[in-house]
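The values are calculated or read from the model by the stated rules, or taken from the named source; none is laboratory data. What you are looking at is a predicted structure, and each value in this text was computed from that prediction instead of being measured. Every residue, glycine as well, gets a Cβ built from its backbone with ideal geometry; the counts of neighbours run over all protein chains shown.
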Amino acid sequence: MALTCARHARDVAISAAFALAAVFVSPVLAQGTPPPGDLASVLTQSKVTVGADGVQNGGEAGIASITVTLTNCAASVYATTQTGAGGDYSFAVPAGATTLCVVETNEGDHRSTGASVGTTALPSGTPTSVGGTSYTYNRATDSISFTVGAAANYTGINFGDVPDNAFTTNGQQSAAPGTTLYYPHTFIAGSAGTVTFSTAGVATPSVPGWSEVVHNDTNCNGRFDSGEPLITGGVALTAGQQLCILVKEFVPANAPVGGENTVTVTASFAYTNANPALNAAATRIDLTIVSRAGLTLVKSVSATSALPGAVITYTITYSNVSAEALTSVTIRDATPAFTTYVSASCGAPPAGLTCTPPASPTTAPAVGATGGITWNFGGSLAPGASSAVSFQVQVNN
Ligand SMILES: [Ca+2]
Ligand SMILES: [Ca+2]
Ligand SMILES: [Ca+2]
């Protein structure tokens, strides 16, 4: 919210200087730039201001130190200046000039929205008559063109710029198959408008079932709290307003460990009162890597050494150390070297988790043979839950 306050402070501070508009001749003389013979025809006290409508209103600030150039709308540059503290600039109209273009060079973190002459907005691309002169604003070139006529001066030729929107930050997390996780992002509107969020994921390998929804992180704590609603449509924001969101990512149960899903989160923003309509998009990336980080396995053996022919027992203790329930739990092991398979047990799974089939491993070697042993579990392993499986082997003679 600090950013919001800063922008408001700037608005107030610079708008105070806007009152200078009533005395525009004075600064021109003080600058001493126009040759005396040209003083009858000046272009002055125009502004670079804030707001998508291009009209300075509602306490919107002028912007200082902006480069403004006067050209013949072609290759000839008549003059270049910088706006003053209140966003003001002025030029002398060159003798003999017919067509003039005032061209603005935005601040790097600002976006051109509109323009105006006085309180009359200039829709981009549409010639608009003000005081008998036709002005045309071109948003793409950020220029206002007009033909020099009988008017002694041309005042209030204003550009409207807005601060860019801010959208933070990229995310990366590891998660187990079958779990959900949340990626926090913050959007700050540079101007009034409506933001809409969308997501697009690319899974590697291409496993179906990845999905995302966007929640409003109402209390901006970066975590999902009960009752924080889905965002499914546009959200209207005022200039400087912050919106915290959570992208909820679902990892499909069949996502392989080591697989990835890259989600591009797009914040599409439609500016209020921009004419013609103006949109801006900002993106962030959330990368999910499939891991078994939530499941820990600890293996122990009944004897660290054994004579030939002895039967020893291996116990594998599994625990869910994550905050999410784990599904599709699978444990794999194999008969050690110099041993053969005897038996295996599924132990006593915690509530909610079931061995498939019950009480025995899903796959195992024949008795006296060697190979892999797999325990597949149905249901889910609750956060903090733990149990163990075991198998027995006989040391070779
Ligand atoms: Ca405005
Ligand atoms: Ca501009
Ligand atoms: Ca929250």
Checklist entry - Does THR105 satisfy being surrounded by fewer than 20 Cβ atoms within 10 Å (Cβ to Cβ) and either in the same structural domain as LEU278 (by TED's automatic domain parsing) or over 27 Å from ASN165 (Cβ atoms) (or both)? => result no
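Got a number for residues in segment 367-397 being in a loop (DSSP other than H, G, I, E, B) and within 23 Å of ALA303 (Cα to Cα)? Explain how you work it out, then say what you get.
So in segment 367-397, the residues in a loop (DSSP other than H, G, I, E, B) come out as 367-371, 382-385, 396-397.
Within this subset, residues satisfying the condition of being within 23 Å of ALA303 (Cα to Cα) are 367-371, 396-397.
Residues in segment 367-397 being in a loop (DSSP other than H, G, I, E, B) and within 23 Å of ALA303 (Cα to Cα): 7 in total.
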Item to check | Residues located in segment 67-94, provided they are over 16 Å from SER145 (Cα atoms) and in contact (Cβ under 8 Å) with a residue 60 or more places away in the chain | outcome: GLY84, ALA85, GLY86, GLY87, ASP88
Item to check | Unmet requirement for ALA175, which otherwise passes all of (1) of a type in the set (Gly, Ala, Ser); (2) away from ligand 3 (no atom under 15 Å from the Cβ); (3) more than 19 Å from the chain's Cα centre (by Cα); (4) at pLDDT 95 or above | outcome: (4)
Next on the checklist: Please verify whether THR288 is among the β-branched types (Val, Ile, Thr), touching a Ser or Thr at 6+ places or on another chain (Cβ under 7 Å) and either crowded, with 17+ Cβ neighbours inside 10 Å or in contact (Cβ under 8 Å) with a residue 12 or more places away in the chain (or both), treating the condition exactly as stated.
Outcome noted: no
Next on the checklist: One residue is enough: does segment 152-172 have a residue meeting the conditions surrounded by fewer than 17 Cβ atoms within 10 Å (Cβ to Cβ), part of a strand (DSSP E or B), touching a Ser or Thr at 6+ places or on another chain (Cβ under 6 Å) and without any contact (Cβ under 8 Å) to a residue 60 or more places away in the chain?
Outcome noted: no
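Can you find even one residue in segment 308-330 that is over 22 Å from ALA255 (Cα atoms) and either free of Cβ contacts under 8 Å to residues at least 60 places away in the same chain or touching a helix residue (DSSP H, G or I) at 6+ places or on another chain (Cβ under 6 Å) (or both)? I'd like the intermediate steps shown before the answer.
Initially, segment 308-330 is screened for residues over 22 Å from ALA255 (Cα atoms), giving 308-317.
Still in the running and either free of Cβ contacts under 8 Å to residues at least 60 places away in the same chain or touching a helix residue (DSSP H, G or I) at 6+ places or on another chain (Cβ under 6 Å) (or both): none.
Within segment 308-330, none of the residues are over 22 Å from ALA255 (Cα atoms) and either free of Cβ contacts under 8 Å to residues at least 60 places away in the same chain or touching a helix residue (DSSP H, G or I) at 6+ places or on another chain (Cβ under 6 Å) (or both).
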Next on the checklist: Based on this model, can you work out whether GLY59 counts as within 18 Å of ALA192 (Cβ to Cβ), out of contact with any strand residue (DSSP E or B) (no Cβ under 9 Å at 6 or more places or on another chain) and either of a type in the set (Val, Ile, Thr) or modelled with pLDDT under 95 (or both)?
Outcome noted: yes
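Check THR199, THR218, THR194 and return the single one that is within 15 Å of VAL265 (Cα to Cα) and either crowded, with 17+ Cβ neighbours inside 10 Å or more than 16 Å from ligand 1 (Cβ to nearest atom) (or both). Before you say what the answer is, go through the steps one by one.
Values: THR218 fails: within 15 Å of VAL265 (Cα to Cα); THR194 fails: within 15 Å of VAL265 (Cα to Cα).
Just a single option satisfies the conditions, and that option is THR199.
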Checklist entry - Tell me, which residue of segment 66-83 that is more than 14 Å from ligand 2 (Cβ to nearest atom) and outside any strand (DSSP E or B) is nearest to PHE159 (Cα to Cα)? => result CYS73
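Look through segment 202-215, keep the residues that are part of a strand (DSSP E or B) and crowded, with 17+ Cβ neighbours inside 10 Å, and return whichever of them is nearest to ligand 3 (Cβ to nearest atom). Don't jump to the end; show me each part of the working.
Filtering segment 202-215 down to residues part of a strand (DSSP E or B) leaves 202-204, 211-215.
With crowded, with 17+ Cβ neighbours inside 10 Å added as a condition, the list becomes 203, 212, 214-215.
On the way: ALA203: 27, GLU212: 17, VAL214: 13, HIS215: 8 Å.
The residue in question is HIS215.
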Next on the checklist: What's the number of the only condition in (1) in contact with an Asp or Glu (Cβ under 6 Å, 6 or more places away or on another chain); (2) more than 16 Å from ligand 1 (Cβ to nearest atom); (3) among the hydrophobic types (A, V, I, L, M, F, W, C) that ALA121 fails to meet?
Outcome noted: (2)
Checklist outcome for this item: Every listed condition ((1) touching a Lys or Arg at 6+ places or on another chain (Cβ under 8 Å); (2) surrounded by 15 or more Cβ atoms within 10 Å (Cβ to Cβ); (3) closer than 22 Å to ALA255 by Cβ) holds for GLY372 save (2)
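Per-residue answers, yes or no, for (1) within 30 Å of GLN173 (Cα to Cα); (2) at pLDDT below 85:
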| residue | (1), (2) |
| --- | --- |
| PRO308 | no, no |
| ILE316 | yes, no |
| VAL329 | yes, yes |
| ASP333 | yes, yes |
| THR340 | no, no |
| PRO358 | no, yes |
| GLY368 | no, no |
Checklist entry - Restricting segment 232-251 to residues that are more than 30 Å from ALA61 (Cα to Cα) and in contact with a Phe, Trp or Tyr (Cβ under 6 Å, 6 or more places away or on another chain), which is nearest to ligand 2 (Cβ to nearest atom)? => result VAL247
